[in-house]
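Following: one structure in structure tokens, then a few remarks.
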Amino acid sequence: MAAVAIAVPLRKVFDYRVDDPQAAQIRPGVRVRLAFGRREVVGIVVSAPREIAAGEFEYRAIREVLDSEPLIDTALIELCSWVADYYHHPLGEVLAAAVPTHLRKGAATSLPQTLILRLTAAGYAALTQLPARSASMKQLLSAIAERALSAADARALAPTAALRRAMTQGWVDSVTSSNHTAIDSELENGLQAAARSTPEQAAALLELKQRLGSYSTSLLEGVTGSGKTEVYLQLTAEVIAKGQQTLVLTPEIGLTPQLTDRFIQRFGRRVASYHSGLSDAERTRTWLRARAGEIDVLIGTRSAVFAPLPRLGLIIIDEEHDVSYKQQEGLRYSARDVALVRARRRNVPAVLGSATPALETLHNAAIGRYAHLHLRQRVSSAAPPRIEIIDVRTQPLTQGLSTPLLDAVERHLGAGGQVLLFLNRRGYAPALVCHACGWVAPCPHCDARMTLHRGRQRLLCHHCGMISRIPDPCPDCGAAELTPTGQGTERIEDTLRLRFPEKRIERFDSDRLARAGEIERLSRAAHAGEIDILVGTQVLAKGHDFSGLSLAGVVDADQALYGTDFRALERMGQLLTQVAGRVGRAGQPGQVLLQTQHPDHPLLLQLVNEGYPAFCEALLRERRAHGLPPFSHLALLRAQAVDEPAALEFLRHARTALPASAEVEVLGPAPATMRRRGGVHRAQLLLRSASRAALHRVIGGWIAQAEPMNAAHGVRWSVDIDPADLF
Ligand code: ADP
Ligand code: ZN
Ligand code: ZN
């Protein structure tokens with residue numbers, strides 16, 4: 001008999017009978033085909049087979065063993081088991097998140113015999129040397145460099161003629177897989193050499209190199225442009241020289257192709273990327289190549305934390321503070337935290353990099369749990385920007401833009417600078433209002449307003465995705481005119497176009513970037529300095545390296561100031577600091593302007609006058625005073641139901657059924673901040689404790705009794721450990 005993990009929402013593994021000829025093959029990590037209910041499914045064996053005792057229950061047989069070698073090794077099974085325990089999630093679903101779809105369904109593990117494209121030395125040279133107007137060729141070449149593309153995949157990405165041209169130019173050739181990472185000397189010469197380190201980089205590298213070979217966590221804190229990526233690259237070179245693999249986690253690859261580009265330019269074919277933008281076939285190939293040891297550097301988003309890397313020697317977590325490391329649905333894990341656990345279990349070092357580390361990371365560094373390395377100066381020796389506050393209460397506004405801000409834009413453009421305007425709200429206007437009767441277009445399914453999108457001529461709900469026509473006239477009173485109220489990025493873009501008609505203005509937000517290839521095109525254009533004004537949402541604040549920016553304007557610094565979540569201020573500080581970090585060139589300090597209605601807000605002033613570290617110290621003092629993370633641990637029990645009383649009743653019942661513990665405080669139940677979303681009501685129960693162990697005992701105990709009666713109520717519930725948001 002063997003225990004098998006199956007991807008179903010039940011927190012248990014399932015025992016199946018092993019028949020004689022199979023027994024030799026059954027080992028942890030092997031995939032098996034079996035009957036589950038009326039379906040046939042593929043599961044993963046998670047324990048060594050054992051004898052069935054006489055008189056024991058009659059088990060169903062395993063139908064077929066799919067692998068002669070385990071698909072995943074014991075270390076990875078154990079990591080997944082840890083994740084399943086810690087996040088109170090079914091092991092079968094954790095394994096499903098760790099394995100690409102094709103393999104989960106039983107696809108063969110032999111590396112595919114299709115021809116895989118790769119760049120030649122000339123191809124790597126072309127990638128760096130082609131002019132910016134060859135954007136689509138560059139895009140094709142970088143896709144070939146970072147993914148295991150077949151010719152068919154490439155045809156889906158670019159016109160056949162482009163691939164043909166790349167091949168006749170000698171930029172691309174093809175191999176039948178297996179060991180095509182081997183670097184020939186010609187290619188090696190074409191790759192970019194390491195920069196000579198600055199004294200700060202040298203000190204950080206010395207320290208980090210000494211840590212190779214065993215577990216430790218180091219925080220590499222450095223402002224944007226201080227050379228963190230260069231430190232990653234040189235440390236990775238050391239790891240490659242030792243014959244080991246490096247895992248690089250990044251919040252979003254599509255938005256920040258620069259990170260991947262730089263690893264590719266330095267290490268060529270040794271690098272591959274793994275993220276949700278790849279097709280299933282590409283993901284599978286890359287995963288198998290990583291497992292076969294063909295890849296030395298794997299750069300990936302969240303789920304890459306589970307990628308099989310038999311020679312793992314280093315884990316780098318870039319932009320470690322980014323909330324997108326936390327998955328917000330299903331398996332609600334933090335890839336950053338899992339990466340640190342993986343590093344500890346594999347006894348390899350982890351490096352957390354950020355210009356704006358998370359409060360909990362700073363706290364861990366302060367108490368000595370992490371080493372704290374600093375890069376304080378920008379490599380370019382650009383002075384940090386001046387940050388100034390504009391009190392919008394005393395200023396005339398043009399569509400949300402104050403005169404001093406517009407004047408500054410004009411001045412910087414006149415001096416040949418590039419300008420960035422940041423507003424974390426996409427669409428044209430966040431509300432459509434009837435001034436005759438006060439009606440505001442509501443989402444029929446959420447407690448929220450519809451956002452007007454002028455480009456699409458539609459109203460959109462940003463919470464449930466509902467799309468509707470723009471009403472005409474007012475559905476309530478019949479008045480003819482409905483007024484767009486407030487600003488989104490589309491409206492700021494329009495306003496600027498009117499004011500600066502000859503300038504190239506581009507909008508960066510998820511609406512605009514949804515088009516395939518648009519992100520790469522725009523961010524390369526911005527990088528090359530071809531855009532005069534960039535208007536965008538937080539997409540802009542991510543790790544982009546726009547070298548020519550001289551002014552950044554934050555249209556509405558108040559969005560986060562009075563947010564409902566306890567992390568809102570931390571996020572605001574990170575965002576403002578990241579935006580500010582994009583500004584300034586050698587010998588020419590940039591300028592940052594913040595528009596606010598609360599120019600006296602003490603924390604805003606502290607951030608502006610003393611900088612992010614002092615701001616974080618103040619926030620940590622507040623967190624300590626209120627017993628919030630990192631000074632306590634939280635878990636959230638969420639419930640959803642079509643009618644609100646059912647959700648609240650479920651949680652009230654859960655509250656009484658929770659195993660008693662003097663160490664765990666229970667708050668609620670209470671309706672979520674947005675009570676109704678997508679037609680369902682949401683409520684939550686918050687658990688807080690100074691002791692992780694106590695918190696997990698209580699939750700685990702409750703789940704054990706609650707899980708069997710799950711479906712009865714028409715209520716869906718979920719557990720969120722270390723929640724990123726409390727709503
Ligand atoms: P960060 O990752 O902290 O934003 P980067 O590593 O991207 O910083 O460095 C910023 C810029 O400076 C990049 O263009 C990089 O190529 C360059 N750079 C980094 N280190 C050095 C160095 N030691 N000498 C010269 N240029 C460097
Ligand atoms: Zn009306
Ligand atoms: Zn909605």
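The values are calculated or read from the model by the stated rules, or taken from the named source; none is laboratory data. Predicted model, so just to flag it, every value in this text is computed and none were measured. Backbone-built Cβ (ideal geometry, glycine too); neighbour counts: all protein chains shown. Just the protein is used for accessible areas: all its heavy atoms, side chains included, with ligands, DNA and RNA removed. Shrake-Rupley method; radii C 1.70, N 1.55, O 1.52, S 1.80 Å.
Of all the residues that make up segment 103-124, how many are within 20 Å of Gln265 (Cβ to Cβ), out of contact with any Phe, Trp or Tyr (no Cβ under 8 Å at 6 or more places or on another chain) and open to solvent by 30 Å² or more (accessible area, probe 1.4 Å)?
Matching residues across segment 103-124 total 1.
Name the one entry in Val664, Val719, Val680, Val715 that is within 16 Å of ligand 3 (Cβ to nearest atom), among the aliphatic types (A, V, I, L, M) and in contact (Cβ under 8 Å) with a residue 24 or more places away in the chain.
Among Val664, Val719, Val680, Val715, only Val680 is within 16 Å of ligand 3 (Cβ to nearest atom), among the aliphatic types (A, V, I, L, M) and in contact (Cβ under 8 Å) with a residue 24 or more places away in the chain.
Restricting to segment 136-168, give me the number of residues that are crowded, with 18+ Cβ neighbours inside 10 Å and either closer than 17 Å to Leu278 by Cβ or out of contact with any Leu (no Cβ under 9 Å at 6 or more places or on another chain) (or both).
The total comes to 16.
Return the residues of segment 651-667 that are within 32 Å of the chain's Cα centre (by Cα) and either closer than 21 Å to Cys446 by Cβ or assigned to a loop (DSSP other than H, G, I, E, B) (or both); say none if nothing qualifies.
Leu651
Name the single residue that is surrounded by the fewest Cβ atoms within 10 Å (Cβ to Cβ) among those in segment 247-270 being under 19 Å from Ile317 (Cβ atoms) and away from ligand 1 (no atom under 16 Å from the Cβ).
My answer is Gly254.
Just checking, which of Ile519, Ile492 is assigned by TED's automatic domain parsing to the domain that holds Leu576, in contact with a helix residue (DSSP H, G or I) (Cβ under 8 Å, 6 or more places away or on another chain) and outside any loop (DSSP other than H, G, I, E, B)?
Ile519 is the lone residue from the list that is assigned by TED's automatic domain parsing to the domain that holds Leu576, in contact with a helix residue (DSSP H, G or I) (Cβ under 8 Å, 6 or more places away or on another chain) and outside any loop (DSSP other than H, G, I, E, B).
When you look at Glu230, is it open to solvent by 10 Å² or more (accessible area, probe 1.4 Å), touching a residue at least 40 places away in the same chain (Cβ under 8 Å) and not aliphatic (A, V, I, L, M), yes or no?
The answer is yes for Glu230.
For (1) at pLDDT below 95; (2) in a loop (DSSP other than H, G, I, E, B); (3) under 22 Å from Glu329 (Cα atoms); (4) open to solvent by less than 10 Å² (accessible area, probe 1.4 Å), each residue gets a yes or a no:
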site: Gln25; (1), (2), (3), (4): yes, yes, no, no
site: Gly29; (1), (2), (3), (4): no, yes, no, yes
site: Ala35; (1), (2), (3), (4): yes, no, no, yes
site: Val42; (1), (2), (3), (4): no, no, no, no
site: Ser47; (1), (2), (3), (4): yes, yes, no, no
site: Glu58; (1), (2), (3), (4): yes, yes, no, no
site: Glu64; (1), (2), (3), (4): yes, no, no, no
site: Glu78; (1), (2), (3), (4): no, no, no, no
site: Trp82; (1), (2), (3), (4): no, no, yes, no
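Can you tell me which residue is surrounded by the most Cβ atoms within 10 Å (Cβ to Cβ) among those in segment 433-454 that are outside any loop (DSSP other than H, G, I, E, B) and within 16 Å of ligand 2 (Cβ to nearest atom)?
So the residue we want is Leu452.
Which of (1) assigned to a loop (DSSP other than H, G, I, E, B); (2) away from ligand 2 (no atom under 16 Å from the Cβ); (3) surrounded by 14 or more Cβ atoms within 10 Å (Cβ to Cβ) is the odd one out, the single condition Gly416 does not satisfy?
With (1) assigned to a loop (DSSP other than H, G, I, E, B); (2) away from ligand 2 (no atom under 16 Å from the Cβ); (3) surrounded by 14 or more Cβ atoms within 10 Å (Cβ to Cβ) applied to Gly416, the lone miss is (3).
List every residue pair whose Cβ atoms sit under 8 Å apart, with the two residues 6 or more apart in sequence or on different chains, where the first one lies in segment 580-609 and is under 22 Å from Leu561 (Cα atoms) and buried (at least 20 other Cβ atoms within 10 Å of the Cβ) and the second, anywhere, is at pLDDT below 90 and aromatic (Phe, Trp, Tyr).
Qualifying pairs under 8 Å: Arg582/Phe546.
Evaluate segment 476-486: report whether one residue or more is outside the structural domain of Glu644 (by TED's automatic domain parsing), away from ligand 2 (no atom under 16 Å from the Cβ) and at negative phi.
Checking segment 476-486: not a single residue is outside the structural domain of Glu644 (by TED's automatic domain parsing), away from ligand 2 (no atom under 16 Å from the Cβ) and at negative phi.
Quick check: anything in segment 683-695 free of Cβ contacts under 8 Å to residues at least 40 places away in the same chain and outside any helix (DSSP H, G or I)?
no
To keep it simple, each residue is scored yes or no on (1) open to solvent by less than 40 Å² (accessible area, probe 1.4 Å); (2) touching a residue at least 24 places away in the same chain (Cβ under 8 Å).
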{"position": "Ala618", "(1), (2)": "yes, no"}
{"position": "Arg621", "(1), (2)": "no, no"}
{"position": "Ala646", "(1), (2)": "yes, yes"}
{"position": "His653", "(1), (2)": "no, no"}
{"position": "Leu658", "(1), (2)": "yes, yes"}
{"position": "Met674", "(1), (2)": "yes, yes"}
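As an exercise: evaluate Thr495 against (1) under 30 Å from Pro671 (Cα atoms); (2) open to solvent by less than 80 Å² (accessible area, probe 1.4 Å) and give the number of the one condition it does not meet.
Exception for Thr495: condition (1).
Quick check, is Leu421 closer than 30 Å to Gln328 by Cα, in a strand (DSSP E or B), open to solvent by less than 20 Å² (accessible area, probe 1.4 Å) and touching a Gly at 6+ places or on another chain (Cβ under 6 Å)?
yes
Yes or no, residue by residue, for (1) open to solvent by less than 70 Å² (accessible area, probe 1.4 Å); (2) touching a helix residue (DSSP H, G or I) at 6+ places or on another chain (Cβ under 9 Å); (3) not in a strand (DSSP E or B):
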| site | (1), (2), (3) |
| --- | --- |
| Ala350 | yes, yes, no |
| Thr356 | yes, yes, yes |
| Arg369 | no, yes, yes |
| Ser380 | yes, no, yes |
| Ala408 | yes, no, yes |
| Arg411 | no, no, yes |
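Have a look at Ala724, Ala672 and point out the one that is in contact with a strand residue (DSSP E or B) (Cβ under 9 Å, 6 or more places away or on another chain), within 22 Å of Gln328 (Cβ to Cβ), outside any loop (DSSP other than H, G, I, E, B) and not charged (D, E, K, R).
Going through Ala724, Ala672 in turn, just one is in contact with a strand residue (DSSP E or B) (Cβ under 9 Å, 6 or more places away or on another chain), within 22 Å of Gln328 (Cβ to Cβ), outside any loop (DSSP other than H, G, I, E, B) and not charged (D, E, K, R): Ala672.
With more than 16 Å from ligand 1 (Cβ to nearest atom) and either of a type in the set (A, V, I, L, M) or not in a helix (DSSP H, G or I) (or both) as the only criterion, which of Gly225, Gly293 stands out?
None of the other options fit; the residue is Gly293.
What number of residues in segment 631-643 are modelled with pLDDT of 95 or more and not in a strand (DSSP E or B)?
Residues meeting the conditions: 2.
Restricting to segment 623-641, name every residue that is in contact with a strand residue (DSSP E or B) (Cβ under 6 Å, 6 or more places away or on another chain) and either open to solvent by 20 Å² or more (accessible area, probe 1.4 Å) or without any contact (Cβ under 8 Å) to a residue 12 or more places away in the chain (or both).
Once the filter is applied, which keeps residues that are in contact with a strand residue (DSSP E or B) (Cβ under 6 Å, 6 or more places away or on another chain) and either open to solvent by 20 Å² or more (accessible area, probe 1.4 Å) or without any contact (Cβ under 8 Å) to a residue 12 or more places away in the chain (or both), segment 623-641 yields His633, Arg638, Gln640.
Given (1) more than 14 Å from Leu637 (Cβ to Cβ); (2) touching a helix residue (DSSP H, G or I) at 6+ places or on another chain (Cβ under 7 Å); (3) open to solvent by less than 40 Å² (accessible area, probe 1.4 Å), where does Glu663 come up short, assuming only one miss?
(3)
Take the residues in segment 455-473 that are within 16 Å of ligand 2 (Cβ to nearest atom), assigned to a loop (DSSP other than H, G, I, E, B) and closer than 20 Å to Gly427 by Cβ; name whichever of them is most open to solvent (accessible area, probe 1.4 Å).
It comes out as Asp472.
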